[in-house]
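Beneath this line is the structure, given in structure tokens, with notes to follow.
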Amino acid sequence: MANESNPCPCEIGDKNQYEGKGSEIQIEHIKAYVCKPARSTDKAVIVVQDIFGWQLPNTRFIADLLASHGYITICPDFYVGQEPWVPSNDWNTFNDWLQTRQATKVDREADVVLNYLKTQCHATKIGVVGFCWGGIVNHYLMLKYPELKTGVSFYGIIREAEDRYNLLHPTLFIFAENDPIIPLEQVTSLEDKLKEYAKVEFKVKVFPKQTHGFAHRKNKDINPEDKPYIEEARKDMINWLQKFIN
């Protein structure tokens, strides 16, 4: 049961009734959702789930959106069969839940996904897009894997690691002004440190009046006041990928 005195600040938002255009596959020890564009390509994007899991229709919609722009997209189950977070869960238990799903402990799964894209899909240019928990994964992969090209991190920051600013690849960080999980002072600190240490191109962008999850969990058709921001964030994502995966 949810704790009403300490409710979950990360609501699922508008859960899309979306079935997806791709298919689910098994890759070694993990499952994944894969969508391929109409034409063959060597460009691919790994889409990393938020705390609500790899099967969330909203996230699969983003994977399909990227596929429509010419990328092989894959959304793996980085929780490896463990249950995703449920909004009705007691928020007081969240940190314990998160300890079993650490965003900086995904090397084994990332290796499997990268090997699949290289050997089975013949991808040579690979980027990453991540949301919430996946935004932290994105940040981590941009520090860790030299074979990647670029990343777009939505509302996710690595907080606990000291060496978290020496990005290997151009990275776009997107945040929301009214995010109860990532306050603006953390965003400002990230940008200041990146300016000091990063040797590759990066951008930190904050969207006014928006809340955590706005770019993929809000349905723009039922949130007309947020629609311009949702569309702009998604366009920024696509433009960034096109700039560095070419």
Worksheet item: Cα to Cα, under 21 Å, and not fewer than 8 places away if on the same chain: which lysines meet these conditions relative to Lys220?
Response: Lys15, Lys21, Lys205, Lys209, Lys235
Worksheet entry | Theoretical ellipticity at 222 nm over the chain - DSSP helices of four or more residues, -39500 (n - 2.57) apiece, nearest 500 | -10000 deg cm²/dmol
Worksheet item: From the backbone phi of the range 229-241, what are the Karplus-calculated ³J(HN,Hα) couplings (6.51 cos²θ - 1.76 cosθ + 1.60, θ = phi - 60°) in whole Hz, Gly and Pro given as x?
Response: 6, 4, 5, 5, 5, 5, 5, 4, 4, 5, 4, 5, 4
Item to complete: Report the longest stretch of the chain that contains none of the GluC sites (Glu not before Pro) sitting in a DSSP loop with at most 13 other Cβ atoms within 10 Å.
Response: 29-146
Practice prompt. Name the aspartates and glutamates eligible as straight-distance cross-link partners of Lys227: C-alpha to C-alpha under 16 Å, and not fewer than 8 places from it in the same chain.
Written response: Asp14, Glu177, Asp236
Worksheet, complete the sentence: Highest mean packing first, using Cβ neighbours within 10 angstrom, the peptides 60-67, 96-103, 216-223 sort as 60-67, 216-223, 96-103
Worksheet item: When DSSP beta bridges are limited to those with both residues in the chain, what percentage is antiparallel, rounded to the nearest 5?
Response: 25 percent
Worksheet item: Counting pairs of Cα atoms in the chain, how many percent are more than 23 Å apart?
Response: 46 percent
Fill in: All lysines inside 18 Å of Lys125 as judged from Cα atoms, apart from same-chain residues fewer than 8 positions distant
Lys36, Lys43, Lys144, Lys149, Lys243
Discussion item. Can you order the peptides 138-145, 43-50 by their average number of other Cβ atoms within 10 Å per residue, highest first?
Written reply: 43-50, 138-145
Worksheet entry | Integer Hz, Karplus 6.51/-1.76/1.60 couplings in order for the range 91-98, x for Gly and Pro | 4, 5, 9, 4, 4, 5, 4, 5
Worksheet item: Residues with amide H under 5 Å of Val129's amide H, sequence separation 5 or more or different chain, H placed in the peptide plane at 1.01 Å from N; which?
Response: Ile46, Val47, Val48, Val152
Fill in: Phi-based couplings in Hz for the range 28-36 (Karplus 6.51, -1.76, 1.60; Gly and Pro marked x)
6, 8, 10, 9, 7, 9, 10, 9, 10
Worksheet item: Mind checking Rg over Rh on the range 86-143, alpha carbons, Kirkwood formula for Rh?
Response: 1.09
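All of the numbers you see were taken from the coordinates with simple rules; none came from a lab. The shown structure was predicted, so the numbers you read here are calculated from the model rather than taken from an experiment. A quick note on method: Cβ atoms are made from the backbone with ideal geometry, for glycine too, and the neighbour counts reach across all protein chains shown.
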